[in-house]
Amino acid sequence: QVQLVESGGGLVQPGGSLRLSCAASGSIFSINVMGWYRQAPGKQRELVAVITTGGSTNYADSVKGRFAISIDNTKNTVFLQMNSLKPEDTAVYYCNAVLSTGRGSPFFAYWGQGTQVTVSS
């Protein structure tokens, strides 16, 4: 069984910063990619940023230059540093990991339970 546990969400004023963390645990053999997605009320879930275990990154255009994703491969943990936050960043942020639970086993996507980020004055 695999668990993704997120932390770091909360309420912040426009222009402020937050740092999200997500730790993957359980029967993990190999991780390919970890990342963050978000879903605002009435909208579809969208990609925020992803990172491979090799360090390659991809960001949504809306967060480029403001957010930074990083990974600690020794702890199976991914971080999202969010700066210059805007009200439109308000959403539930979900951690995602594409991983295998055994040698030769296929890779599947796993999701965390989500953490609320609210940007408001």
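The values are calculated or read from the model by the stated rules, or taken from the named source; none is laboratory data. A quick note: this is a predicted structure, and the numbers were derived from the prediction, not measured. Don't worry about glycine lacking a Cβ; one is built from the backbone with ideal geometry, like all the others, and counts go over all protein chains shown. Each accessible area value is taken on the protein alone, full model and side chains, heavy atoms only, with ligands, DNA and RNA left out. Shrake-Rupley method; radii C 1.70, N 1.55, O 1.52, S 1.80 Å.
How many nm separate the modelled label positions at A68 and N32, each set 7 Å beyond the Cα in the direction of the Cβ?
2.8 nm
Please check: in the Gaussian network model of the chain (C-alpha springs, under 10 Å), which one of S84, S17, S105 has the largest mean-square fluctuation.
S105
Of the heavy-atom accessible surface of region 1-71 (probe 1.4 angstrom), what whole percent is carbon and sulfur?
Carbon and sulfur together cover 46 percent of it.
With each label point set 7 Å from Cα along the Cα-Cβ vector, what nm distance links K75 and S100?
So the label points at K75 and S100 sit 2.6 nm apart.
Under the definition of Cα pairs under 8 Å and six or more residues apart, what whole-number percent is the relative contact order of region 77-121?
Relative contact order for region 77-121 comes out at 44 percent.
Which of the peptides 88-97, 69-78 is most tightly packed, and how do the rest follow, going by the mean number of other Cβ atoms within 10 Å of each residue?
88-97, 69-78
Could you report region 9-121's accessible area per residue, 1.4 Å probe, as an integer in Å²?
Result: 52 Å² per residue.
What is the Cα centroid distance between region 31-56 and region 1-23, reported in whole angstrom?
13 Å
Excluding residues on the same chain fewer than 8 positions from K64, give the aspartates and glutamates whose Cα lies under 16 Å from its Cα.
E46, E88, D89
Using alpha-carbon pairs under 8 Å, 6+ residues apart, how would you state the relative contact order of the chain in percent?
Relative contact order for the chain comes out at 36 percent.
Taking 0.36 nm per residue of sequence separation and subtracting the Cα-Cα distance, how much length would be gained by fully extending the chain between S17 and D61, in nm to one decimal?
Taking 0.36 nm per residue and subtracting the Cα distance, the gain is 14.0 nm.
With no solvent and one equal point scatterer placed on each C-alpha of region 65-109, evaluate the Debye formula and give log10 I(q)/I(0) for q = 0.26, 0.27, 0.33 Å⁻¹, two decimals.
The computed values of log10 I(q)/I(0) come out as -1.05, -1.08, -1.20.
Mind listing the phi-derived Karplus ³J(HN,Hα) values for region 58-71, rounded to whole Hz, using 6.51, -1.76 and 1.60 with θ = phi - 60°, and x for any glycine or proline?
Result, rounded to whole Hz: 8, 10, 5, 4, 5, 10, 4, x, 10, 10, 9, 9, 9, 9.
Please state the charge dipole magnitude for the chain, taken about the Cα centre, from unit charges on C-beta atoms (+1 on K and R, -1 on D and E), reported in debye and rounded to the nearest 20.
60 debye
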